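Peer 1: Before I ask anything, let me first share the structure, which is written out below as structure tokens.
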Amino acid sequence: MNNGILYNALKRITPLRAAVRAVRDVLSAYRPSTWLLTGKERWTGHPLSLVFAGQLESKNYLAHLAFAGLAEEISLGRVWIWCALRVGERRFGHVPLTFVETRQHVPRGRREPGNFWVPCWVGCEVDIASANARIKKSRNIKRDLQRIAKQGLSYETTREPSRFEWFYQEMYVPYIRNVYGQRAFLMGYEEMMSKVGQCELLLVEQNGVCLAGEIILFEKGRARAWSVGVKDGSCALVKQGALKACEYFEIQHLSERGYKKIHWGASRPFLRDGALCHKKAWGARIVDNARKGFAVKVPRRSPGVEAFLKNNPFIYRVDGVYHGAVFRDDLVMAGSDLQHLDGEHYIDGLRDITIFQLASDVPNAAIPVELAQRVRVRSAESIFHP
């Protein structure tokens, strides 16, 4: 019996499943799979090469973010985590843009210029009183509520385990697969069902037909929007406002139950990420992050690397503090421009936005007093590897 057959046989034995998963996760964490990706930068078409070490789904996500169309992929096998930041230099004689998925920050003694630690996911919390105030003031939200009322949408909540099972199969899995494809991180059925006792399932209905749903997890006095789904993964139902109805009914339901805050789940750490921007519009605050993150090594300057950095501002973490990184080369360093960048990229929970200046001949500007605590301007020269 070869190792693959033995592995598959063992994992079918229920008591051993957790142990097999634990061993696999430890091996993957310390000796991750590694790839070289090459192609054209998504927005400019400039050549770009990227080395990634970590989970397949994270690799697919970064490839989608970075490249126009499909990137060419070369498997580099498994690499020890402490060697992964240098794998491009050792294999190819130069330093590509490198992302290494790791459970901890790059150790202080091994930090190199240009290394960022970017959480894989950041968690956001919404204050319910502030959300209710926005509902009363926002024209867009009022328009959504009018549409919800016009369509005759309502909601119910349940703790019946069989409804959770139905939600998982008919709403959650189809929706996540339809939206994210190969980039999807699917919660396992067993994981979801193991916490049913701590949850409520909120279902949005129209004429008695369930259109969308959301699991609310109650933990340590806090409510968490844990997972969301749409019937059959239907994009048409999303466009009709089924998920927006979930949000509104969730706020209404938890407000009536006396909750003050909602943890609105995790989003990708890129400041133009659609889900993160949507939460920001509701006044969300970054409060936590996933244990895993990307150690990022920036190579020498090239049009492709600069284009990636400019088009993908991100959140990074240093000594437990969140910062935003924004790259500009055409920045007119006037106070009004800084205010625009602050408004576009700042989200509550960040210590500051750091604007990395790619051009060397752009004069510095006086930072307006109201932005002095949360906007910094630095030359990007120090982050590029020679």
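The values are calculated or read from the model by the stated rules, or taken from the named source; none is laboratory data. Note that the structure is predicted; figures quoted are calculated from it, not measured. Because the Cβ atoms are built from the backbone with ideal geometry, glycine has one as well, and the counts that use them run over all protein chains shown.
Peer 1: Given the residues 272, 285, 300, which is the only one that is over 18 Å from residue 345 (Cα atoms) and surrounded by fewer than 20 Cβ atoms within 10 Å (Cβ to Cβ)?
Peer 2: Of 272, 285, 300, the one residue that is over 18 Å from residue 345 (Cα atoms) and surrounded by fewer than 20 Cβ atoms within 10 Å (Cβ to Cβ) is 300.
Peer 1: Which of the residues belonging to segment 111-143 are among the small types (Gly, Ala, Ser), over 30 Å from residue 327 (Cα atoms) and either surrounded by fewer than 16 Cβ atoms within 10 Å (Cβ to Cβ) or out of contact with any Gly (no Cβ under 8 Å at 6 or more places or on another chain) (or both)?
Peer 2: 129, 130, 133, 138
Peer 1: Which of the residues spanning segment 264-284 are modelled with pLDDT of 95 or more and assigned to a strand (DSSP E or B)?
Peer 2: 270 - this is the single residue of segment 264-284 that is modelled with pLDDT of 95 or more and assigned to a strand (DSSP E or B).
Peer 1: Search segment 208-230 for residues being buried (at least 19 other Cβ atoms within 10 Å of the Cβ) and of a type outside the set (A, V, I, L, M, F, W, C), and hand back the single one that is nearest to residue 170 (Cα to Cα).
Peer 2: 229
Peer 1: Go through the residues of segment 155-171 one by one and say whether even a single one is surrounded by fewer than 16 Cβ atoms within 10 Å (Cβ to Cβ), of a type in the set (Lys, Arg) and closer than 30 Å to residue 55 by Cβ.
Peer 2: For segment 155-171, residues surrounded by fewer than 16 Cβ atoms within 10 Å (Cβ to Cβ), of a type in the set (Lys, Arg) and closer than 30 Å to residue 55 by Cβ: absent.
Peer 1: Same structure, new question: Go through 146, 151 for me and flag whichever is in contact (Cβ under 8 Å) with a residue 60 or more places away in the chain, surrounded by fewer than 17 Cβ atoms within 10 Å (Cβ to Cβ) and on the phi < 0 side of the Ramachandran plot.
Peer 2: Going through 146, 151 in turn, the sole match is 151.
Peer 1: Quick check, is residue 180 within 25 Å of residue 61 (Cβ to Cβ), at pLDDT 90 or above and of a type outside the set (S, T, N, Q)?
Peer 2: Judged against the criteria, residue 180 is not a match.
Peer 1: Among the residues of segment 73-98 satisfying the criterion of being in contact with a Leu (Cβ under 7 Å, 6 or more places away or on another chain) and of a type outside the set (S, T, N, Q), which is surrounded by the fewest Cβ atoms within 10 Å (Cβ to Cβ)?
Peer 2: 74
Peer 1: Just checking, which of 253, 263 is crowded, with 16+ Cβ neighbours inside 10 Å, in contact with a Lys or Arg (Cβ under 6 Å, 6 or more places away or on another chain) and either in the same structural domain as residue 157 (by TED's automatic domain parsing) or on the phi > 0 side of the Ramachandran plot (or both)?
Peer 2: 263 is the lone residue from the list that is crowded, with 16+ Cβ neighbours inside 10 Å, in contact with a Lys or Arg (Cβ under 6 Å, 6 or more places away or on another chain) and either in the same structural domain as residue 157 (by TED's automatic domain parsing) or on the phi > 0 side of the Ramachandran plot (or both).
Peer 1: Continuing with the same structure: Pairs, please: C-beta under 6 Å, at least 6 apart or cross-chain, first residue within 14 Å of residue 346 (Cα to Cα) and in segment 317-334, second at pLDDT 80 or above and among the hydroxyl-bearing types (Ser, Thr, Tyr)?
Peer 2: 323/316; 323/354; 325/316; 325/354
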